[in-house]
Amino acid sequence: MKKLGILLFALMIGFAAEAQINPHALGLRLGGGDAGGSEISYQHGLSRKTRFEADLGWRNSKYYDAFCLTGVHQWVFPIESGFQWFVGVGGQFGSWSWDDKYYNGNDDDGMWIAIAGQIGIEYQFSEVPLQIGIDARPNIGVVNSNSELGNWDVALSIRYCF
């Protein structure tokens, strides 16, 4: 019971503390799972504790092409000296196309819509306007999902802050 009380107290302190939200940040989110691949990432500060992240991903290979647009509203919480963690919820829209030579002799293409969550940790450098982070983005398909349980997308991001 004492550990639960300490955890709740730490969470309350985290919620009351001020995060460092940049007005704008632009960069890359590398990794991106099977859907959209690597992404161009933009963050826009909304308040002292929240921001909006928009990511445009694409994947282009010999047999498979896809793009994915994701928008997530995030709440940001400081940890200590430049480190902060964040959690968010949003949506995702994308499209795919398989070449018939790979996909059992049939062309396959379509689009999907999903609900996306996001949780991660990042570091904001104080000497240079740079942010680096790692996050996980689970999503649950609403339209044309290829998995009933959804997909997990883990990525490393680096952004220039301005």
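The values are calculated or read from the model by the stated rules, or taken from the named source; none is laboratory data. Since the model is a prediction, treat every value here as computed from it, not as a measurement. Please note: Cβ atoms are built from the backbone with ideal geometry, for glycine as well, and neighbour counts cover all protein chains shown.
Computed values, structure above
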| quantity | calculated |
| --- | --- |
| Boolean, K49 is farther than 18 Å from I140 by Cα and modelled with pLDDT of 85 or more | yes |
| Odd one out for V87, checked against (1) under 13 Å from R137 (Cα atoms); (2) surrounded by fewer than 16 Cβ atoms within 10 Å (Cβ to Cβ); (3) modelled with pLDDT under 95 | (3) |
| Residue check, G14 under 13 Å from the mean Cα position of the chain (by Cα) and either modelled with pLDDT under 75 or among the hydroxyl-bearing types (S, T, Y) (or both) | no |
| Every residue from segment 142-162 that is modelled with pLDDT of 85 or more, surrounded by fewer than 20 Cβ atoms within 10 Å (Cβ to Cβ) and either of a type outside the set (S, T, Y) or at positive phi (or both) | V142, V143, V154, L156, I158, C161, F162 |
| Some residue of segment 90-113 being hydrophobic (A, V, I, L, M, F, W, C), in contact with a strand residue (DSSP E or B) (Cβ under 6 Å, 6 or more places away or on another chain) and at pLDDT 95 or above | no |
